Amino acid sequence: MSLYFETIKYQRGEFFLLDYHEDRLNRTRFSQLGEKNGISLSAVLSDPPEDNQLYRCRVSYGQNIIKVEYFPYSIAEHQTIGFQEVGGYTYYFKAENRVFLNESVAQSGQSDVIFLKGGQLTDASYSNLVFFDGKSWLTPETYLLNGVKRQFLLHQKLIKEAEIRLDNIHDFSKIALINAMRDFELVYDFELRNGLIHLTLAQ
C-alpha cells in the first residue's frame, strides 16, 4: 500500500531537485517506516516521456516504490485565497492522506487556503509561501511541510525565513506560491479584503 508520495518536476530529460526528493523520501522511510536501506530515485525513474512538455512525475511509495506516473502539467492561476486555522493538525511528511487539506479548500470555495497556526502563516494546500517586502523574499518560519523548493531557495539564499502573521501581512506587497513544480513564474500583487487575499498577477 502506498503511504507517501513525491511530486517531481520533469522536462526534456531532466528531473529537477532530485537529490532533495530522494533525501526526503528516504528520511520518511527511515523515520516513519523503520527502513534502514536507502532508495536511489534515479534507479527507479525509468521510461520518462520523450517530448518537450512539462510533466509532474508522481512517485508513490511505502517501504518500497509502489508506482511511478507522469502527468502533463500546467501552472494554475489563483484568484482568491482564504484562511484556515489548523489547530493540532500536522503534515511533516508528504503523506497520501490529505483529507484535511483538500476538504479545507473545497469548503472554502476559494482558489486555495492558507493554513494558520495561532495566527502565524504556514503553507497553502499544495505550496509553500513567499512574500516580498520591497527588498527581500521571505517565507514563513512556520510551515506544515518543508517543501523541496523551499529548502532549495533557502540553501541558495534566494529567500529567508521570517515570522509572518495574519496581523503583519500588510507589510508585504507581493506573494508567490512555490513547490516542486512552481518557482516564481507567477508572482501576485495582493490585497487583504473581507478576510480573503485577492490576487492580481504582478506586471
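The table for this structure:
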read-out	value
Any hit, region 179-187, residues being more than 18 Å from the chain's Cα centre (by Cα) and more than 19 Å from residue 20 (Cβ to Cβ)	no
Filter result for residue 23 (of a type in the set (Asp, Glu), assigned by TED's automatic domain parsing to the domain that holds residue 179 and closer than 24 Å to residue 141 by Cα)	no
Positions within region 7-16 being surrounded by fewer than 20 Cβ atoms within 10 Å (Cβ to Cβ) and in contact with a strand residue (DSSP E or B) (Cβ under 7 Å, 6 or more places away or on another chain), in sequence order	7, 11, 15, 16
Which listed residue, of 66, 81, is out of contact with any helix residue (DSSP H, G or I) (no Cβ under 9 Å at 6 or more places or on another chain) and among the hydrophobic types (A, V, I, L, M, F, W, C)	66
Residue 63 being assigned by TED's automatic domain parsing to the domain that holds residue 18 and assigned to a loop (DSSP other than H, G, I, E, B)	yes
Test for residue 29: is it surrounded by 11 or more Cβ atoms within 10 Å (Cβ to Cβ) and within 17 Å of the chain's Cα centre (by Cα)	no
Every residue from region 1-23 that is under 14 Å from residue 65 (Cβ atoms) and under 14 Å from the mean Cα position of the chain (by Cα)	5, 6, 8, 21
Selection status of residue 103, more than 30 Å from residue 44 (Cα to Cα) and outside any loop (DSSP other than H, G, I, E, B)	yes
Qualifying residues in region 167-186 (those that are among the small types (Gly, Ala, Ser) and buried (at least 17 other Cβ atoms within 10 Å of the Cβ)) - the one farthest from residue 129 (Cα to Cα)	180
Number of positions in region 137-175 that are in a helix (DSSP H, G or I) and either in contact (Cβ under 8 Å) with a residue 60 or more places away in the chain or hydroxyl-bearing (Ser, Thr, Tyr) (or both)	5
Selection within region 6-42 - assigned to a loop (DSSP other than H, G, I, E, B) and in contact (Cβ under 8 Å) with a residue 12 or more places away in the chain	12, 13, 16, 17, 35, 38, 39, 40
Qualifying positions in region 131-156 - charged (D, E, K, R) and surrounded by 19 or more Cβ atoms within 10 Å (Cβ to Cβ)	149, 150
Residue count for region 66-91, restricted to those that are surrounded by fewer than 17 Cβ atoms within 10 Å (Cβ to Cβ), over 25 Å from residue 201 (Cβ atoms) and modelled with pLDDT of 95 or more	7
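The values are calculated or read from the model by the stated rules, or taken from the named source; none is laboratory data. Nothing here was measured: the structure is a model prediction, and the numbers come from that model. Ideal geometry is used to build each Cβ from the backbone, glycine not excepted, and the neighbour counts take in all protein chains shown.
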